[in-house]
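So the structure is just underneath, and the comments pick up after that.
The values are calculated or read from the model by the stated rules, or taken from the named source; none is laboratory data. Since the model is a prediction, treat every value here as computed from it, not as a measurement. When we count neighbours, we look across all protein chains shown, and the Cβ atoms used for this are built from the backbone with ideal geometry, even at glycine. To get the accessible areas, we keep the full protein, side chains included, count just its heavy atoms, and leave off ligands, DNA and RNA. Shrake-Rupley method; radii C 1.70, N 1.55, O 1.52, S 1.80 Å.
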Amino acid sequence: MILLKCEACGGNELKKQGNVYECTFCGSKYILDTDENIINKNLTEDDIISKLVYANQLHEVDKYGEELKILTECYEKDSSNSGILTKLGRCYRSLNYIDKAIEYYNMAIEINPNEAAAYSNIGTIHILRGDYDKALPYYEKGLPLFDKADFDYWIAYANYAVVIAKQGDPKRADEMIKEAELRGYKNGKILRQMAGIKKKGILSGLKSLFS
């Protein structure tokens with residue numbers, strides 16, 4: 001079966017991982033049998049869902065301190081919800097508590113090894129620290145877990161291009177950024193600067209012929 005809508009929050013972004021559908025917003029889970037019929041549900045409570053909606057609204061207007069308070073309340077009620085843990089990681093990262101962010105992302109991965117955003121966000125932290133070798137495995141693990149129809153995939157894919165450039169393949173990295181730009185990614189110029197990708201003009205091209 002194909003599950004199109006979460007019964008708990010009404011969200012339509014459900015990802016299938018093995019025999020489980022998980023709502024990317026509230027973390028509700030639907031367990032399937034071998035015939036892909038739902039045999040068990042773990043639905044997030046209504047009061048937590050309403051708080052997550054409010055927390056997202058706070059995040060969008062950069063009120064991270066207030067968001068943290070709300071997310072902490074959600075975590076205290078549902079400590080096994082990997083989606084809440086990932087949102088806590090994002091909030092701590094926004095507050096510049098980077099080690100705390102990594103801690104929560106790792107907690108999310110421990111509960112749900114398929115938590116794509118947690119992997120890619122740790123990878124991004126390592127990029128910003130200049131630790132490209134450390135970033136690499138997180139993108140390699142996280143990217144295959146995304147649905148390519150999800151714009152978050154292309155954000156992670158574009159960020160991964162920085163790692164590829166720093167690993168010695170700027171040409172491939174530039175092609176990756178272009179691919180993400182075709183899907184609506186807007187920060188390609190910044191990523192190219194981070195990756196050290198330079199556009200060669202006519203004079204620089206001629207100069208290279210004589211070097």
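Determine which lysines satisfy two conditions relative to Lys16: a Cα distance under 23 Å, and not lying fewer than 8 residues away in the same chain.
Lys5, Lys29, Lys41, Lys87, Lys141, Lys148
For the chain, what relative contact order do you get, as a whole percent, if you take Cα pairs closer than 8 Å and at least 6 residues apart? Walk me through the intermediate numbers first.
Numbers: 285 pairs, mean separation 19.8, N = 211.
Result for the chain is 9 percent.
Work out which GluC sites (Glu not before Pro) in the chain are exposed loop sites (DSSP not H, G, I, E or B, at most 16 other Cβ within 10 Å) and give the longest gap free of them.
46-211
Hey, any idea what % of the chain's accessible area is carbon plus sulfur with a 1.4 Å probe?
The C+S portion of the solvent-accessible surface of the chain is 51 percent.
On a full-extension model of 0.36 nm per residue, what is the gain between Tyr97 and Lys198, subtracting their alpha-carbon distance, rounded to one decimal in nm?
Taking Tyr97 through Lys198 to full extension adds about 33.1 nm, to one decimal.
If you build the Cα gyration tensor of the chain and take the root of 5 times each eigenvalue, what three semi-axes come out, in whole angstrom, biggest first?
36, 20, 15
For the stretch 126-178, build the charge dipole from Cβ charges (+1 Lys, Arg; -1 Asp, Glu) around the Cα centre, then report which of Tyr160, Pro144, Tyr132 sits farthest towards its positive end.
Of Tyr160, Pro144, Tyr132, it is Tyr132.
For every helix of n ≥ 4 consecutive DSSP H residues, a contribution of -39,500 (n - 2.57) applies; sum these over the chain, divide by its total residues, and give [θ] at 222 nm rounded to the nearest 500 deg cm²/dmol.
-18500 deg cm²/dmol, from helical runs alone.
Taking the Cα centroid of the stretch 110-172 and of the stretch 1-75, what is the distance between the two, rounded to the nearest whole Å?
About 23 Å separates the Cα centre of the stretch 110-172 from the one of the stretch 1-75.
Would you work out the charge dipole size for the stretch 1-107 about its Cα centre, treating the Cβ of every Lys and Arg as +1 and the Cβ of every Asp and Glu as -1, and quote it to the nearest 20 debye? Could you put the intermediate results ahead of the total?
Numbers: 13 positive and 18 negative charges, 48 e Å.
Value, rounded to 20: 240 debye.
With θ set to phi - 60°, apply the Karplus curve 6.51 cos²θ - 1.76 cosθ + 1.60 along the stretch 81-93 and write out the HN-Hα couplings as whole Hz, x wherever there is a Gly or Pro.
Values per residue, Gly and Pro as x: 8, 5, x, 5, 5, 5, 5, 5, x, 4, 5, 4, 5 Hz.
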